[in-house]
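Some notes on the structure that comes next.
The values are calculated or read from the model by the stated rules, or taken from the named source; none is laboratory data. Bear in mind that the values here come from a model prediction, so they are computed numbers and not experimental data. Heads up, the Cβs are rebuilt from the backbone with ideal geometry, glycines too, and the neighbour counts pull from every protein chain shown.
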Amino acid sequence: MSVSEEQNTKLFKARRTVVQMLRDRGYSVPDSDIKMTRQQFIEKYGENVHLKRDDLLILCSKGDAPTDQIYVFFPAEVKVGVPMVRNCAKRMKADNVYNAILVVQRALTAPAKAAINEINSYFHMEVFEEAELLTNITEHMFVPKHTVLTNQEKKELLAKYRVKETQLPRILVSDPVAKYYGMKRGQVVKITRQSVTADTYDTYRYAV
């Protein structure tokens, strides 16, 4: 396999995980995107897609809230710096899109990370490296089912068990599964596991 073919394969896998992730977060994603094969990916975006990552831009919305939209940017730059981050933010502002995912080839520069922290005072921009997206972590056999609770479900849970959210076991927002679901501090996730008796049981964690 040539270097360009290998890069295209990695990009295909990363994009596939992204669209699966978006659907799992409740965004409307066409089945054709979910089921797209590598060959269809190349036919749609071209053999040189690894050089034209900008063409992979995604914009979608949640089915129950059409105004809740998210951009997914695939910057072509190998090393993303402040100018690219700011360009993404400008596009978000112009289009009134307040959520975004940045899929980068390498770790951000320190100034770019600082720029994102500044931007996140107004928007919510997440960053994933392509290497993190080559496989869908939620499909791993040892990863139990995670379900992020709505605010109402969280309220009912706390009332049922008469506890405060801070009394629940914690999960870091940087945890790979929490990151996959885009969890924010203060949210609660239900984790469903199989017991030794083949029944299931639920535990809950509070995102910090």
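Set side by side, the residues 89, 100 differ, and just one is surrounded by 13 or more Cβ atoms within 10 Å (Cβ to Cβ), over 29 Å from residue 145 (Cα atoms) and not assigned by TED's automatic domain parsing to the domain that holds residue 183, which is 89. Filtering the stretch 55-67 to residues that are surrounded by 18 or more Cβ atoms within 10 Å (Cβ to Cβ) and out of contact with any strand residue (DSSP E or B) (no Cβ under 6 Å at 6 or more places or on another chain) leaves only 56.
The one condition from (1) aliphatic (A, V, I, L, M); (2) touching an Asp or Glu at 6+ places or on another chain (Cβ under 8 Å); (3) in contact (Cβ under 8 Å) with a residue 60 or more places away in the chain that residue 133 does not meet is (2).
Pick out the one residue from 70, 34 that is over 14 Å from residue 105 (Cβ atoms) and either touching a strand residue (DSSP E or B) at 6+ places or on another chain (Cβ under 7 Å) or not assigned by TED's automatic domain parsing to the domain that holds residue 124 (or both). Just one listed residue meets the conditions, 70.
In the stretch 131-154 there is at least one residue that is surrounded by 18 or more Cβ atoms within 10 Å (Cβ to Cβ) and touching a Ser or Thr at 6+ places or on another chain (Cβ under 6 Å). Sub-6 Å Cβ pairs linking a first residue in the stretch 105-123 that is closer than 19 Å to residue 14 by Cβ to a second residue that is at pLDDT below 95 and surrounded by fewer than 14 Cβ atoms within 10 Å (Cβ to Cβ), at least 6 apart or interchain, are 105/78; 106/79, ordered by first then second residue.
Elements of the type helices (runs of 4 or more DSSP H) sitting completely within the stretch 95-208 and holding at least 1 residues that are of a type in the set (S, T, N, Q): these cover 110-119, 151-161. Residues of the stretch 171-192 that are surrounded by fewer than 12 Cβ atoms within 10 Å (Cβ to Cβ) and touching a strand residue (DSSP E or B) at 6+ places or on another chain (Cβ under 6 Å): 185 alone. In the stretch 6-54, the residue that is farthest from residue 148 (Cα to Cα) out of those that are among the small types (Gly, Ala, Ser) and surrounded by 12 or more Cβ atoms within 10 Å (Cβ to Cβ) is 46.
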